[in-house]
1. Go ahead and estimate [θ] at 222 nm for the chain from helices alone: -39,500 (n - 2.57) per DSSP H run with n ≥ 4, summed, over the residue count, rounded to 500.
2. Give me the one-decimal nm value for the distance between modelled label points at residue 241 and residue 139, 7 Å along each residue's Cα-to-Cβ direction.
3. Using a probe of 1.4 angstrom, how much of the accessible area of the chain is carbon and sulfur, in percent?
4. Take peptides 32-39, 178-185, 163-170 and line them up by average Cβ neighbours within 10 Å, highest first, as a rough protection proxy.
5. Which Cα, out of 92, 69, 156, lies furthest along the positive dipole direction of the range 35-167 (beta carbon charges, K/R +1, D/E -1)?
6. Is the shape of the chain rounded, prolate or oblate, going by the alpha carbon gyration tensor and its root eigenvalues a ≥ b ≥ c, with a/c under 1.5 for rounded and a/b larger than b/c for prolate?
7. Residue by residue, what Karplus-based ³J(HN,Hα) values in Hz, rounded to whole numbers, does the range 142-149 have, using 6.51, -1.76 and 1.60 with θ = phi - 60° and x for Gly and Pro?
8. Placing +1 at every Lys and Arg Cβ and -1 at every Asp and Glu Cβ, with all other atoms neutral, what dipole size does the chain have around its Cα centre, in debye to the nearest 20?
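The values are calculated or read from the model by the stated rules, or taken from the named source; none is laboratory data. Everything numeric in this text was worked out from a predicted model, so none of it was measured. Note: ideal-geometry Cβ built from the backbone for every residue, glycine included; neighbour counts use all protein chains shown. Remember, those area values only see protein heavy atoms, side chains included, never the ligands or the DNA or RNA. Shrake-Rupley method; radii C 1.70, N 1.55, O 1.52, S 1.80 Å.
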Amino acid sequence: MRGIMKDQEVGLDPNFRYRGKNQTRVETFSDAAFALAITLIVLSSSVPSNFQDLWVSMRDIIPFGLCVILVMVIWYQHYLFFLKFGLQNRTIVLYNTFLIFLILIYVYPLKFLFVVLFRLYEGIFTGNRELINRLFTETLPYSDTGSLMIIYGLGASLIFLTIGGMYRHAMKMAGPLELNSYERYIAKDGMITNLLLASIPFLSALIAVFHLFGNWTFLGAGVAYMLYPPVMIIYGRVSAKKRDRALAIYKKA
């Protein structure tokens, strides 16, 4: 009974032949890099020396949580790719190395941006003008807000474009991997999903580059990330229907 339970693929697509169930050194190294990224997010906050500092650090729980969620979204996309295809050739190693480089480079901009946005929305919703003025004079001069959104937007886009490139490479390796028509659709779907994930931060960067909302550009570039839920939910529903059709076609063949 224990052996049967161990072999069950709970939560996995029973119609997909997972080729990466045995973890490789590439994945082990990558997991360590993701863990380091979360550690750096934690270490970016100073240790409180009094209760006031402790209270201030407690306010950073939400930005910290958002950072961890985003890192885990990237990790999950990375995990799914290697679980599905188990590729570890030179091209994938290069893609993976560039991905790790991007993640470790953009950890601090990520934490800084989320803290700034949290402080901004806190000041707006509470009507605390002093907090907003201090934010744009001491923490982030208003003249630098556009540059911050450009740096973060381009970095996030590159991360998801890199994972999308890995899926594209898997599609090219369909022959050696012996992907059937349904599995090829899954590879294509993974590529499109990551392209969509890359499109939102790229849009935010464009808003900042062209200063589209005037004095409200920084806020507009931040609000652009709220497009994630509707875009991904809509695509998820469309993708589910296409996946069902692809599976039906495969089973009939």
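1. Dividing the helical sum by the residues of the chain leaves -25500 deg cm²/dmol.
2. 4.3
3. 66
4. Working: 32-39: 15.2, 178-185: 17.5, 163-170: 22.0.
Highest-to-lowest ranking by the protection proxy: 163-170, 178-185, 32-39.
5. Highest projection toward the positive end goes to 92.
6. On the way: a/c = 2.29, a/b = 1.79, b/c = 1.28.
Cα axes put the chain in the prolate bin.
7. So the J values, rounded to whole Hz, are 4, 5, 9, 4, x, 4, 4, 5.
8. Numbers: 24 positive and 15 negative charges, 248 e Å.
Using Cβ point charges on Lys, Arg, Asp and Glu, the chain gives about 1200 debye.
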